[in-house]
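The values are calculated or read from the model by the stated rules, or taken from the named source; none is laboratory data. Predicted model only: the values in this text are computed from it and were never measured. We place every Cβ from the backbone using ideal geometry, glycine too, and count neighbours over all the protein chains shown.
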Amino acid sequence: MKIAIIGTGYVGLVSGVCFSDFGHNVVCVDKDSNKIDTLKRGDVPIYEPGLDTLMLKNVEAGRLNFTMDLEGALDGAEAVFIAVGTPTRRGDGHADLTYVMAAAEEIATVAKNYIVVVTKSTVPVGTNRKVKQTVAKANPNLEFDVASNPEFLREGAAIDDFMKPDRVVVGVQSERAAEVMKEVYRPLYLRDFPVVTTGLESAEMIKYAANAFLAAKITFINEIAALCEKVGADVKQVANGIGLDNRIGNKFLHAGPGFGGSCFPKDTRALARIGQEYAVPMQITETVIEVNEEIKRGMIDKLLGLCGGTFNGKTVAVLGVTFKPNTDDMREAPALTIVPALIGGGAKVRVCDPQGYREGAELLPGVRWVEDAYKAANNTDLVVLLTEWNEFRALDLKRLANKMNTPHMADLRNIYSARDAKRAGFAAYGSIGRGGFG
Ligand code: NAD
């Protein structure tokens with residue numbers, strides 16, 4: 001089966017590589033000539049563990065190609081996946097559908113035979129119908145169907161998530177499209193992974209409802225953490241105590257500096273906006289967005305507390321700036337709020353991140369990049385542990401403290417404990433939702 005994918009970002013590239021590994025013949029298309037050149041050279045333009053090896057394997061097997069030529073990519077393809085970005089539209093929180101609609105028009109202009117136009121991008125309810133109208137208008141003679149196939153992969157674990165998904169969601173309107181989608185995902189059907197087949201609108205809603213629910217779960221524990229700090233409880237113990245209840249589950253109960261990333265912020269905003277449009281306010285989601293902003297602001301106060309009330313004249317080491325470990329993605333990362341606040345307050349900032357430099361160099365002007373945590377900590381007044389890369393999970397705290405001017409630590413991922421920090425010689429330690437000192 002031949003498949004075309006439009007967009008070679010985190011979702012498009014991972015999908016393309018994994019579909020080719022299923023045995024399909026895949027052509028990935030992007031408008032960005034740099035990305036296509038990089039991919040043709042055999043390099044991966046993003047950091048995603050395991051992607052380079054799997055990509056190379058399938059390129060060598062002749063099942064995976066990269067091009068800017070959509071017409072050639074669609075020749076003989078039975079399905080084309082739209083996997084372009086849907087960022088927040090400036091001003092109103094709505095998902096910006098410019099790229100999706102442009103891709104739909106382009107498909108219509110060059111497609112010649114029956115094809116299923118599959119939207120993998122996260123799009124508001126009603127978008128697949130708009131895609132259908134757009135294609136039909138631009139090429140009234142084209143035989144085609146649309147399908148909604150939202151993606152649930154997590155950056156940093158994307159290949160596993162794609163190959164062993166909790167479920168695949170397929171929204172279709174016709175038997176013919178359902179058959180094509182079944183063929184696309186045949187290896188997963190054969191291995192009994194759940195495939196949820198729905199109408200277009202339900203598939204679109206599932207994606208937003210899932211992300212809003214997860215964002216709410218994180219925000220809930222973050223809010224509980226703030227209260228734990230005041231009442232003398234330990235949020236790690238609380239999360240463990242509630243997470244063992246099967247109805248709650250222990251995932252997504254790690255308190256931290258507020259959610260960021262490429263999906264939760266924009267998808268919660270988009271869901272809130274959809275609710276407003278249909279006069280069904282998404283009050284829980286709206287509150288989640290607000291509380292998350294407060295949680296993020298609260299982090300600055302926490303750091304100020306550990307810096308004696310002012311950042312002025314302080315030198316601060318920030319460990320981890322990507323929005324989570326095992327990715328180079330910086331979209332809406334907490335670091336983009338915290339680092340400018342430190343610099344704006346007069347601090348000198350050193351940053352260390354295993355993969356953050358490529359994107360972060362431009363996004364975090366004025367910081368000094370250093371290659372390891374100990375160098376970053378040298379002569380500093382505060383170390384902020386912001387992203388829980390493995391590299392930062394087993395630091396020699398004594399060595400770290402010894403390097404510092406004033407050994408203070410803000411552990412915003414609760415990796416260490418007040419006891420560890422005290423033993424290592426830290427004079428102050430703060431974390432999330434647990435006792436600190438100093
Ligand atoms: P991205 O920004 O990394 O990649 C989008 C790519 O599409 C870019 O390379 C861009 O050049 C290309 N593109 C845009 N318009 C094009 C066109 N007309 N023709 C060819 N190429 C075009 O985006 P992403 O993170 O992969 O996200 C894509 C979609 O998947 C979004 O809707 C997102 O919400 C959703 N999603 C993302 C994740 C994630 O973890 N990143 C997870 C699930 C769902």
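Observations
One line per residue, one yes/no per condition, for (1) without any contact (Cβ under 8 Å) to a residue 12 or more places away in the chain; (2) among the β-branched types (Val, Ile, Thr); (3) touching a Phe, Trp or Tyr at 6+ places or on another chain (Cβ under 7 Å); (4) within 21 Å of Asp32 (Cα to Cα):
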position	(1), (2), (3), (4)
His94	no, no, no, no
Leu97	no, no, no, yes
Tyr114	no, no, yes, no
Gly126	no, no, no, no
Lys132	no, no, no, no
Val146	no, yes, no, no
Phe152	no, no, no, no
Gly156	no, no, no, no
Pro165	no, no, yes, no
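For (1) free of Cβ contacts under 8 Å to residues at least 12 places away in the same chain; (2) assigned to a loop (DSSP other than H, G, I, E, B); (3) surrounded by 18 or more Cβ atoms within 10 Å (Cβ to Cβ); (4) among the hydrophobic types (A, V, I, L, M, F, W, C), each residue gets a yes or a no:
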| position | (1), (2), (3), (4) |
| --- | --- |
| Thr219 | no, no, yes, no |
| Asn222 | no, no, yes, no |
| Lys236 | no, no, yes, no |
| Asn246 | yes, yes, no, no |
| Asn250 | yes, yes, no, no |
| His254 | no, yes, yes, no |
| Ala270 | no, no, yes, yes |
| Ala279 | yes, yes, no, yes |
| Val288 | no, no, yes, yes |
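- Any hit, segment 327-346, residues being of a type in the set (S, T, N, Q), at positive phi and at pLDDT 95 or above: no
- Looking across segment 153-183 at every residue that is more than 12 Å from the ligand (Cβ to nearest atom) and more than 19 Å from Asn128 (Cα to Cα), the one that is surrounded by the fewest Cβ atoms within 10 Å (Cβ to Cβ) is identified as Asp166.
- Residue check for Gly249: more than 16 Å from Glu229 (Cα to Cα), within 16 Å of the ligand (Cβ to nearest atom) and not aliphatic (A, V, I, L, M): no
- In the set (1) near the ligand (Cβ under 10 Å from one of its atoms); (2) among the acidic types (Asp, Glu); (3) closer than 20 Å to Arg154 by Cβ, the condition left unmet by Asp30 is number (3).
- Residue selected from segment 33-57 under the condition more than 13 Å from the ligand (Cβ to nearest atom) and among the charged types (D, E, K, R), by the criterion farthest from Gly356 (Cα to Cα): Lys57
Yes or no, residue by residue, for (1) surrounded by fewer than 18 Cβ atoms within 10 Å (Cβ to Cβ); (2) farther than 16 Å from Asp145 by Cα:
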position	(1), (2)
Pro87	yes, yes
His94	no, yes
Thr98	yes, yes
Lys112	yes, no
Ile115	no, no
Thr122	no, yes
Thr127	no, no
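- Filter result for the condition that a residue is surrounded by 18 or more Cβ atoms within 10 Å (Cβ to Cβ), under 21 Å from Ser262 (Cβ atoms) and within 14 Å of the ligand (Cβ to nearest atom), over Ala73, Ala83, Ala102, Ala108: Ala83
- Residue selected from segment 1-27 under the condition over 22 Å from the mean Cα position of the chain (by Cα) and more than 16 Å from Leu70 (Cα to Cα), by the criterion farthest from the ligand (Cβ to nearest atom): Gly23
- Test for Lys302: is it more than 16 Å from the ligand (Cβ to nearest atom), at pLDDT 95 or above, surrounded by fewer than 22 Cβ atoms within 10 Å (Cβ to Cβ) and of a type in the set (Lys, Arg): yes
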